[in-house]
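A.B. asks: A single structure is presented below for examination.
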Amino acid sequence: MICVGSQLFREAWLVDFEFSAPPGERPSVICLVAWELSTGRKLRLWQDELAGMKQPPYGIGEDVLVIAYYVSAELGCHLSLGWPLPINVLDLFVEFRNHTNGLALPCGAGLLGAMAWYGLDSIEAAEKESMRQLAIRGGPWTTEEKMALLEYCESDVAALDKLLPKMIPTLDTPRALLRGRYMRAAAHIEHNGVPIDTDTLTLLRDRWQEIQEHLIAEIDESYGVFEGRTFKRSRFTDWLIEQNIPWPRLASGALDMRDDSFREMARAHPKVAPLRELRVALSQMRLSKLVVGNDGRNRCLLSAFRARTGRNQPSNSRFNFGPAVWLRSLIKPNAGYGLAYIDWSQQEFGIAAALSGDPLMMAAYESVDPYLEFAKQSGAVPQDATRQTHKAQRDQFKACGLAVLFGMGADSLAQRIGQPVILARELLRLHQQTYRVFWRW
């Protein structure tokens, strides 16, 4: 038996695959190296050996732990080989992100960065990149190249063997396994991909410049801020003054034209939203970068746990859900299938209520509308208020309820709701007054 964190396992396997995955395609497995920690057993297998196996050459049951660095890649290889996935997964990338989130990482969050963080020696970055390019190139490989790829794969397993003891003291094993379980789900998502209407995508790519010009002509009619295909800041400034919309500025005094600012202002002032969508369509969207495999499915790395909030952070240009919202209309189920677009209802509010045990917060979550209930509980609106009769107040209390959970201060909240800072401060005060148990927690 081997103890990892607070749990015992009969076996614990350090696992790494080398594979090639052209944009939009599933991985083509090249080789596997795996070490078992308690017995010292070692496996080195090439693609022809792996292709004949219906099960992994190591255990995947309840009493076995599989350990890797960014494990959804390894699990994607399982799926490409037709293998079942292990029940217990420990992803040292995810745990490194969890341990260092918010800190400056001099060498990044990759395996080499984690090794450097703990003062461990590892393969040189240049050598790692050359081996990665050799794998991407694809076969056939010479005998020397095969040996080099196997040695490179084993060097990553050796790195895991050094890294694990350094990280064990920081592991919260039950939650680490829960995060590993999520990486299993991420592997399935990356493997399955999103079905795309490739005929329409081809049409859009072929006529993209024409479509952009049409969008400018149609949308800018309400704004008058473009000159040809060029967005004119002076005209935009005049429009903001005319609409009486306060806009955030940079330290230099110039208008903040970053997309994050446009996104926030579009939430506070809905009339900005079409202009923001147009700017995204013109400047950020590169339809040629939207990766679609030969089977018509959009696939890219989800980059799970990359964001500071712990969310996925896939490439905006490569993932169908990244660019302008209207591009999601390209999603098209295969014949005989249907698709459901599902989201949680007030998920963050509910989690905060459950973790803090605040009775008023839990009562609000169990109501029809927790944000409107928050406004009622604080005395800001009457008990018979509805979304229709008090929409503006409800939207402000929703913004406040979410702002608190993400650590937002009065200035940022004021910007989001398009109101003076004094009102944002009052909303935050009402939150503290209403949900005292939450704030003590």
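The values are calculated or read from the model by the stated rules, or taken from the named source; none is laboratory data. Everything quoted here is computed from the prediction, not taken from an experiment. Positions of Cβ are backbone-derived with ideal geometry, glycine not excepted, and every protein chain shown enters the neighbour counts.
A.B. asks: Can you tell me which of (1) in a loop (DSSP other than H, G, I, E, B); (2) touching a strand residue (DSSP E or B) at 6+ places or on another chain (Cβ under 8 Å) is the one Ala304 doesn't meet?
C.D. replies: (2)
So that you can scan it fast, the table gives a plain yes or no per residue for (1) in contact (Cβ under 8 Å) with a residue 60 or more places away in the chain; (2) of a type in the set (Ser, Thr, Tyr):
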| site | (1), (2) |
| --- | --- |
| Ser261 | no, yes |
| Leu275 | no, no |
| Val291 | yes, no |
| Asn298 | yes, no |
| Gln313 | no, no |
| Arg328 | no, no |
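A.B. asks: Could you list, in sequence order, the residues of the stretch 292-319 that are small (Gly, Ala, Ser), within 8 Å of the chain's Cα centre (by Cα) and more than 15 Å from Glu190 (Cα to Cα)?
C.D. replies: Ala307, Gly310, listed by residue number.
A.B. asks: Still on this structure, I have one more. Identify, by number, the condition in (1) free of Cβ contacts under 8 Å to residues at least 60 places away in the same chain; (2) surrounded by 17 or more Cβ atoms within 10 Å (Cβ to Cβ); (3) within 28 Å of Gly108 (Cβ to Cβ) that Ala304 doesn't meet.
C.D. replies: The number of the failed condition is (1).
A.B. asks: A further question follows. Of all the helices (runs of 4 or more DSSP H) wholly in the stretch 170-265, which have at least 3 residues that are over 30 Å from Glu95 (Cα atoms)?
C.D. replies: 198-206, 208-219, 233-243
A.B. asks: Continuing with the same structure: Within the stretch 132-154, which residues are in a helix (DSSP H, G or I), closer than 11 Å to Ile30 by Cβ and touching a residue at least 60 places away in the same chain (Cβ under 8 Å)?
C.D. replies: The answer is Ala135, Ile136, Arg137, Lys146, Leu149, Leu150, Tyr152, Cys153.
A.B. asks: Which numbered condition trips up Leu112, out of (1) modelled with pLDDT under 95; (2) aliphatic (A, V, I, L, M); (3) within 21 Å of the chain's Cα centre (by Cα)?
C.D. replies: (3)
A.B. asks: A further question on this structure: Scan the stretch 270-297 for residues that are over 24 Å from Arg229 (Cβ atoms) and either small (Gly, Ala, Ser) or surrounded by fewer than 17 Cβ atoms within 10 Å (Cβ to Cβ) (or both) and jot them down.
C.D. replies: Listed by number, the residues that qualify are Pro270, Gly293, Asn294, Asp295, Gly296.
A.B. asks: Another question, if that's okay. Are any residues in the stretch 1-38 hydroxyl-bearing (Ser, Thr, Tyr) and either without any contact (Cβ under 8 Å) to a residue 24 or more places away in the chain or touching a helix residue (DSSP H, G or I) at 6+ places or on another chain (Cβ under 6 Å) (or both), and if so, which ones?
C.D. replies: Selection gives Ser6, Ser20.
A.B. asks: Looking at the structure I just gave you, is Ser378 more than 30 Å from the chain's Cα centre (by Cα) and on the phi < 0 side of the Ramachandran plot?
C.D. replies: yes
A.B. asks: Related question: So which pairs qualify, if the first residue must be in the stretch 43-67 and on the phi < 0 side of the Ramachandran plot, the second must be surrounded by fewer than 18 Cβ atoms within 10 Å (Cβ to Cβ) and assigned to a helix (DSSP H, G or I), the Cβ gap must be under 6 Å, and the two must be at least 6 apart or on different chains?
C.D. replies: none
A.B. asks: Are any residues in the stretch 367-407 buried (at least 18 other Cβ atoms within 10 Å of the Cβ) and without any contact (Cβ under 8 Å) to a residue 12 or more places away in the chain, and if so, which ones?
C.D. replies: Glu373, Lys376
Table: residues versus (1) in the same structural domain as Gln209 (by TED's automatic domain parsing); (2) touching a helix residue (DSSP H, G or I) at 6+ places or on another chain (Cβ under 9 Å); (3) at pLDDT below 90; (4) within 30 Å of Val194 (Cβ to Cβ).
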| site | (1), (2), (3), (4) |
| --- | --- |
| Ile241 | yes, no, no, no |
| Asn244 | yes, no, no, no |
| Pro274 | yes, yes, no, yes |
| Met285 | yes, yes, yes, yes |
| Arg308 | yes, no, yes, yes |
